[in-house]
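*Asks:* Below you will find the structure I want to go over with you.
The values are calculated or read from the model by the stated rules, or taken from the named source; none is laboratory data. This is a predicted model, so every value here is computed, not measured. Because the Cβ atoms are built from the backbone with ideal geometry, glycine has one as well, and the counts that use them run over all protein chains shown. Areas reflect the complete protein model, heavy atoms only, side chains present, ligands, DNA and RNA absent. Shrake-Rupley method; radii C 1.70, N 1.55, O 1.52, S 1.80 Å.
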Amino acid sequence: MWDKVQETVSYLKGRTTISPEFGVILGSGLGSFTNDMEIECTIPYEEIPNFPVSTVLGHKGALVFGKVGTKSVVAMQGRFHFYEGYDMQTVTFPVRVLKYLGINQLIVSNAAGCVNSDYKVGDVMLIKDHINFFPEHPLRGKNDERFGPRFVNMSEPYSKSLRNRAKVIAALHGIDLKEGIYLGLQGPTFETLAEYKMVKILGADCVGMSTVPEVIVARHMNLDCLGISVVTDMGDEDSIMEVNHQEVLEAAKKAEPVVRKLIKEFILSF
Ligand code: HPA
């Protein structure tokens, strides 16, 4: 894994002059953040050695290098999901690559179902903490100490100081930002009503099929994370929707300008 990561990093360093400080993972329907970047180069995943190729509709599948103001950024347009059939090492491989490209902070976004009746479709939620309900763990197996320790502290998976900064940015720009717990499930089915109920009982506000493995691996390498969920459908008993992927994408698209603004101003604030 170490050698593969280094090989991919050297390939990418040969294709861009950008030394990114920020990594951004763009979730379903949220890919247009790259319009806020002064793009130096876009590298499709299929051209990147050791990268898997995304199979999901609405995920473009490219690494985009560029600047937001004076800040150097690499954005992942499209990510890899466990439900696509990849193992967890593959799902999280790009996060390791971003780390060794030099990023200090990882901003992770996703589209999510919601079980908190105080929220509504289109709301944006800062992820305060997560619950890992994936059936496989990205750090299972022999640990490579070069990446990080065997036993990773998870008391602050989403950096408190980054969250506080995001809240200030949101307030400054009139963005209504919720803060809550994200629960990660493997999918690809959306939840049954009983499962949404379970998610709520377990103490989560939002549920989705990504983010958790990436943040675990980021924390393994001591990368600070900021997580943002966009509520694309409601799963609470009173307002449960018959959700489908198209609706998720459309709801995410509607909230996209807000998320874009938040991420852009967040990066510019440093
Ligand atoms: N459940 C799981 N993942 C999701 C959902 C959902 O309701 N909406 C968007 N991603």
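*Asks:* Which of the DSSP-defined H helices in the chain satisfy a minimum axial length of 30 Å, computed from C-alpha atoms, and a minimum mean Kyte-Doolittle hydropathy of -1.0?
*Replies:* 245-268
*Asks:* Another one. Residues of the chain: accessible area per residue at 1.4 Å, in Å²?
*Replies:* 42 Å²
*Asks:* By the scheme Lys and Arg +1, Asp and Glu -1, what is the net charge of all other residues having a beta-carbon under 11 Å from that of LEU139?
*Replies:* Spelling it out: positives minus negatives among the neighbours equals +2.
*Asks:* Just for the chain, what percent of DSSP beta bridges are antiparallel, to the closest 5?
*Replies:* 40 percent
*Asks:* Right, something else. Evaluate 2.2 N^0.38 Å with N set to the residue count of the chain, then give the Cα radius of gyration divided by it.
*Replies:* Taking the Cα Rg and dividing by 2.2 N^0.38 Å, one obtains 0.94.
*Asks:* Next question. What residue among GLU145, GLU46, GLU256 shows peak mean-square fluctuation when the chain is described by a Gaussian network model with Cα springs under 10 Å?
*Replies:* Highest fluctuation among the options: GLU145.
*Asks:* List the residues, sorted by chain then number, that are 5 or more residues from GLY227 or on another chain and whose placed amide H is less than 5 Å from its amide H.
*Replies:* Here the answer is VAL108, ILE127, since their amide H atoms fall under 5 Å of that of GLY227.
*Asks:* Quick one: among THR90, THR211, THR189, which has the greatest mean-square fluctuation in a GNM of the chain with alpha-carbon springs under 10 angstrom?
*Replies:* Looking only at THR90, THR211, THR189, the biggest GNM fluctuation is shown by THR189.
*Asks:* Once you sort the root eigenvalues of the Cα gyration tensor of region 149-270 as a ≥ b ≥ c, which label holds: rounded (a/c under 1.5), prolate (a/b larger than b/c) or oblate (the other case)?
*Replies:* Oblate, since a/c reaches 1.5 and b/c is not below a/b.
*Asks:* Separate question: Which links in LYS4/LYS71; LYS13/LYS142; LYS160/LYS261; LYS178/LYS253 stretch past 23 Å when you go from one Cα to the other?
*Replies:* The answer is LYS4/LYS71; LYS13/LYS142.
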